[in-house]
Every structure is written in C-alpha cells, then in structure tokens.
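Derivation of every value follows stated rules applied to the coordinates shown; laboratory data play no part. All values derive from a computational prediction rather than experimental measurement. When we count neighbours, we look across all protein chains shown, and the Cβ atoms used for this are built from the backbone with ideal geometry, even at glycine.
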There are 2 protein chains.
Amino acid sequence: MLSQTGVYALQALLHLASHRNGAQVPAAAVARELGIPGTYLAKVLQRLAREGILGSTRGARGGYRLAVDPSSLTVARVVTPFQDFRAPDACLLGGPCNPLEPCTAHARRSAWNAAALDILEKTTLADLLSGAPLGSLRSLAYPTSEESR
Amino acid sequence: MLSQTGVYALQALLHLASHRNGAQVPAAAVARELGIPGTYLAKVLQRLAREGILGSTRGARGGYRLAVDPSSLTVARVVTPFQDFRAPDACLLGGPCNPLEPCTAHARRSAWNAAALDILEKTTLADLLSGAPLGSLRSLAYPTSEESR
DNA sequence: TCTGATTAGGATATTATCATCCGAATAACC
DNA sequence: GGTTATTCGGATGATAATATCCTAATCAGA
C-alpha cells in the first residue's frame with residue numbers, strides 16, 4: 001500500500017516531529033537514527049522541503065525541521081509526492097465502460113481505491129504519534145454481523 | 001493497491017468466468033479481447049495454472065479454463081502470487097519495537113494492511129461479476145458522524 | 001576570511017517490475 | 001504421420017523505483 005519511499009518519508013517526519021521546539025536535525029542524523037540509506041533519505045527530505053512540509057537551512061548547524069502542524073499533516077499529503085493514488089480509469093472487465101454508468105467490477109475497484117485514500121487522508125502525523133483511539137480506522141475492522149454478506 | 005500484473009490476472013479470470021460451461025479459451029484470444037500484451041498475459045495465465053486457479057490444455061483447440069468456482073475464488077488468492085501483502089514488520093518509528101506491544105504508528109500501519117487484505121479476502125470473483133450489493137465494502141465508506149473523530 | 005558542516009541538484013548505478021522472444025512439448029485434425 | 005494451434009519454460013530486453021556519487025551553494029563559527 002505504501003511504497004518504500006513513502007515509508008521513509010513518514011519515518012523521517014515522525015522522527016522530526018518527536019524533536020520538540022522545532023529543533024533542526026541534519027538529514028544524516030535522521031538517517032543514522034532510523035537506519036535508512038542516508039544518501040537516499042537526503043533526496044526524500046529535499047522533496048518534502050520543496051513541498052513545503054519541511055523547512056531547511058544549509059550550512060553548519062543547519063538541518064531540517066517540520067514546517068507544518070503534525071495534527072494538520074495527513075499521511076496522504078506526505079506520501080502523494082512519491083506515489084500516485086489516483087484510481088486508474090481502465091475497467092476491470094476490459095470493454096469500454098462508461099464512467100458515468102460503470103460496471104460492477106469497475107465500481108468496486110474505485111471503491112477500494114477511494115477507501116484506501118480515505119484512510120490516508122483521515123490519518124494525520126499527530127494520530128500516528130499520539131496513542132489516539134483508532135478513530136477512522138475502526139470503520140475498517142471486520143464488518144459486524146448485520147452488515148456482512 | 002493492485003499491481004499491473006494483478007489487474008491483468010483479474011481481468012483475464014473475469015473474462016474466462018464469463019465464458020459459460022467452462023469452455024477453453026486460448027491465451028492469445030483473452031489478450032486480444034482485453035487489450036493486454038499477449039506475450040505477457042501468457043506468463044500470467046501460466047502462473048495461475050500452476051496455482052491451480054486455471055486449468056490448461058495444450059495443442060489445437062486448447063486453452064485455459066477456470067478450475068475453481070468463482071464464488072469461492074477470492075481476489076486475494078488471485079493477486080497474491082504476483083504481489084506480497086504481508087505487512088512489513090519494520091516499525092514506522094524506527095526503533096526496535098516489540099511486536100507484542102507495538103508502538104501506535106506500528107499498530108496503525110498493521111491495521112491499514114489488515115484492512116486492505118480484508119477487502120481482498122472478502123471479495124470474490126463472483127462478487128465482481130454479479131451486481132451484488134457492496135457488502136464488505138460498505139464498511140469502508142466514510143464513517144458516519146458518531147464514529148468520526 | 002578560512003574551514004567544516006550541511007542542503008541542493010545533477011548524473012549515474014542497482015534492482016524490481018513489466019514485457020518480449022524463442023525453442024520446445026503437446027494435442028487435435030487431416 | 002504431418003501440419004497446425006496451443007501451452008510451457010527459459011532467456012532476454014525495457015522501464016520504473018530505489019539507491020549512490022559527486023559537485024556545487026550556503027551558513028556558522030573560529
């Protein structure tokens with residue numbers, strides 16, 4: 001569901017978020033701490049900075065810091081720069097399938113994708129850090145008896 | 001969520017399932033019908049045959065046929081040979097994280113994965129073909145007011 | 001102003017996924 | 001038995017994701 005790069009991004013952000021008072025942390029330190037290939041993480045952080053999710057300063061005692069509030073930073077926003085979640089429009093049944101009146105398989109597939117994206121858009125960095133109750137994830141548990149088929 | 005190869009497999013199986021009375025269909029015909037690269041689909045079908053999902057006969061008038069009942073064939077079983085859905089055990093927070101008492105982020109990530117797998121295991125080929133009500137997918141809709149955070 | 005630490009960015013290598021090619025093996029039909 | 005249609009399996013090629021390398025640009029501090 002999440003690409004390797006997406007996971008790296010999340011890990012790094014969670015690590016930075018745990019550094020209170022917005023202290024700056026060099027990319028190499030984050031990488032060392034998390035056991036992520038340093039040269040690669042550098043690229044990922046660079047990208048997150050371009051996205052405005054991280055702030056950066058170069059030079060001695062420089063590094064990266066969170067630029068947005070963890071409680072308003074969704075997993076979707078973190079991960080989207082690195083992987084595409086748009087539902088593919090090709091129909092599972094092959095034939096040309098009117099998007100306005102899609103076949104069942106098509107509709108189901110879109111529902112899968114929407115559901116996955118929904119999770120990512122409802123979960124924030126703060127959620128991941130705080131031991132908050134599962135919230136939106138609860139709706140993903142096994143369906144209770146009356147709604148199962 | 002689904003790899004390209006997984007989608008090919010599903011499309012092909014759906015196509016074969018629509019051929020009543022278990023008639024055999026050559027790989028090339030399936031590929032032509034669905035607009036999938038024929039030489040690649042051949043490999044996919046071969047694999048599905050090894051998995052016991054398809055039956056095959058070589059030679060003239062040969063081809064592939066479904067070897068299991070669509071209503072007992074889950075999407076998970078179709079797709080698993082081509083992509084791994086096992087939840088990675090690496091912790092999102094980096095540090096060594098006791099699997100028996102995982103960190104919040106870890107738990108949430110597992111929940112995502114379990115939820116995704118759950119969808120795939122609850123949906124059958126027959127579901128995709130029949131216009132059956134969404135069933136298990138309904139539990140993935142936006143949470144109703146009282147369960148949202 | 002020099003030096004060391006650090007991000008920025010381009011170029012390149014490595015690996016996995018997707019796709020193609022080719023030579024068999026097998027089965028139906030004449 | 002020969003011919004044609006088809007699956008099977010191995011080898012190879014293309015493309016995208018992942019990872020590394022190198023050279024700047026920038027900043028803090030001595």
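Over all residues in A:41-54, what is the mean tally of Cβ atoms on other chains that come within 10 Å of each residue's Cβ?
If you average over the peptide's residues, the count of other-chain Cβ atoms is 0.
May I ask you to work out the translational diffusion coefficient for the stretch B:1-42 at 4 °C, viscosity 1.567 mPa s, via Stokes-Einstein with Rh from the Kirkwood sum over Cα pairs, reported in whole µm²/s?
Rounded, D is 123 µm²/s.
Could you work out the mean count of beta carbons from other protein chains within 10 Å of each residue's beta carbon in B:112-120?
Mean partner shielding for this stretch: 5.
Distance in nm between label sites at A:Ser56 and B:Thr39, each 7 Å beyond Cα in the beta-carbon direction?
4.2 nm
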